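Undergrad: Below you will find the structure I want to go over with you.
The values are calculated or read from the model by the stated rules, or taken from the named source; none is laboratory data. Source: prediction; values computed, not measured. Here the Cβ is made from the backbone with ideal geometry for all residues, glycine too, and neighbour counts use every protein chain on show.
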Ligand SMILES: [Zn+2]
Ligand SMILES: [Zn+2]
């Protein structure tokens, strides 16, 4: 299983950057995880849009879904020009709430919304997917992807109240948000983690590798790495556009 970071910034993309989006690939399957601002532009470096097998959206905050409209429109055009079947919409797994957002996930024959919750399971060719509600300002789901004997957990957006243990313990790679450095961490938790909290969480869960993501565009890699010193189980990566990780 290979992970390519297409976007990792929040709340908006820096110059040439993108907000959350990750391309997850096996030999047989291409999955897009979140579809933030700038993600479709980055996707084109690796894969034609029409070769996606599925999309998963963790939640409907703008930084995670800003490019869904252009994805849908692009797929529709590729259906008209013959690169995709005109009668097989791309499965788009996403929360059922808020309902007015969920309704927009089905678009003509281009995409079809499939609701997710804690009990949902999905198979994308050779990937097995499951979902986990996180502590966030709106319904938000972490995603676990199992393929080729490896486990990837994408934590989406999450405050400190998420019960991670049953879902993420022992993951080969935990992609976890570290929205705040110490210098701008709010007094009260507000649906996000600090870099320091992400590191100690991944350590406590015995994850084998950590990727810290959901970073302000102006954060420097070294300062994130410094505050992630609490993770010592394995490699600690700081997400940036174009970063690739092979889990094998
Ligand atoms: Zn959010
Ligand atoms: Zn976010």
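Undergrad: Would you check if there is a residue in region 79-90 being under 23 Å from residue 141 (Cβ atoms), at pLDDT 95 or above and either surrounded by 15 or more Cβ atoms within 10 Å (Cβ to Cβ) or touching a helix residue (DSSP H, G or I) at 6+ places or on another chain (Cβ under 7 Å) (or both)? Walk me through it before giving the result.
TA: Start the filter on region 79-90 by keeping residues that are under 23 Å from residue 141 (Cβ atoms), which leaves 89-90.
Next cut, at pLDDT 95 or above only: 89-90.
So of that shortlist, the ones also either surrounded by 15 or more Cβ atoms within 10 Å (Cβ to Cβ) or touching a helix residue (DSSP H, G or I) at 6+ places or on another chain (Cβ under 7 Å) (or both) come out as 89-90.
Checked region 79-90: at least one residue is under 23 Å from residue 141 (Cβ atoms), at pLDDT 95 or above and either surrounded by 15 or more Cβ atoms within 10 Å (Cβ to Cβ) or touching a helix residue (DSSP H, G or I) at 6+ places or on another chain (Cβ under 7 Å) (or both).
Undergrad: Please work out if residue 32 is crowded, with 23+ Cβ neighbours inside 10 Å, more than 16 Å from ligand 1 (Cβ to nearest atom) and under 24 Å from residue 132 (Cα atoms).
TA: Yes: the conditions hold for residue 32.
Undergrad: Still on this structure, please answer the following. From the list 93, 107, which one is under 23 Å from residue 131 (Cβ atoms), more than 16 Å from ligand 2 (Cβ to nearest atom), over 21 Å from the mean Cα position of the chain (by Cα) and touching a residue at least 24 places away in the same chain (Cβ under 8 Å)?
TA: Step by step, each of 93, 107 is checked, and only 107 is under 23 Å from residue 131 (Cβ atoms), more than 16 Å from ligand 2 (Cβ to nearest atom), over 21 Å from the mean Cα position of the chain (by Cα) and touching a residue at least 24 places away in the same chain (Cβ under 8 Å).
Undergrad: Any idea which of 50, 60, 22 is in contact with a helix residue (DSSP H, G or I) (Cβ under 7 Å, 6 or more places away or on another chain) and within 14 Å of ligand 2 (Cβ to nearest atom)?
TA: Selected residue: 60, the only one of 50, 60, 22 that is in contact with a helix residue (DSSP H, G or I) (Cβ under 7 Å, 6 or more places away or on another chain) and within 14 Å of ligand 2 (Cβ to nearest atom).
Let's see how each residue does on (1) surrounded by fewer than 18 Cβ atoms within 10 Å (Cβ to Cβ); (2) within 16 Å of ligand 2 (Cβ to nearest atom); (3) under 20 Å from residue 61 (Cβ atoms):
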site	(1), (2), (3)
173	no, no, no
182	yes, no, no
194	no, yes, yes
208	yes, no, no
222	yes, no, no
227	no, no, no
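Undergrad: Quick one: would you say residue 28 is on the phi < 0 side of the Ramachandran plot, modelled with pLDDT of 95 or more and part of a loop (DSSP other than H, G, I, E, B)?
TA: Yes: the conditions hold for residue 28.
Undergrad: Take the residues of region 37-78 that are within 16 Å of ligand 1 (Cβ to nearest atom) and over 23 Å from residue 129 (Cβ atoms): which is surrounded by the most Cβ atoms within 10 Å (Cβ to Cβ)?
TA: The residue in question is 37.
Undergrad: Continuing with this model, one more query. Would you check which residues across region 13-24 are within 11 Å of residue 218 (Cα to Cα) and surrounded by fewer than 18 Cβ atoms within 10 Å (Cβ to Cβ) and list them?
TA: Correct list: 14, 15.
Undergrad: Which pairs do you get when a residue that is free of Cβ contacts under 8 Å to residues at least 24 places away in the same chain, found in region 57-76, comes within reach of a residue that is crowded, with 23+ Cβ neighbours inside 10 Å, reach meaning Cβ atoms under 9 angstrom, with the pair 6+ apart or on two chains?
TA: Close Cβ pairs (under 9 Å, with a partner that is crowded, with 23+ Cβ neighbours inside 10 Å) do not exist here.
Undergrad: Does residue 5 qualify as being under 18 Å from residue 240 (Cα atoms), surrounded by 22 or more Cβ atoms within 10 Å (Cβ to Cβ) and touching a residue at least 40 places away in the same chain (Cβ under 8 Å)?
TA: Yes.
Undergrad: Here's a follow-up. Please verify whether region 118-125 includes one or more residues that are under 15 Å from the mean Cα position of the chain (by Cα) and buried (at least 18 other Cβ atoms within 10 Å of the Cβ).
TA: no
Undergrad: Identify all residues within region 110-122 that are part of a loop (DSSP other than H, G, I, E, B) and touching a residue at least 12 places away in the same chain (Cβ under 8 Å); write none if there are none.
TA: Matches in region 110-122: 110, 116, 117, 118, 120.
Undergrad: Suppose we keep only residues that are part of a loop (DSSP other than H, G, I, E, B) and within 29 Å of residue 149 (Cα to Cα) within region 1-18. Which one would you say is nearest to ligand 2 (Cβ to nearest atom)?
TA: Applying the filter and picking the extreme gives 8.
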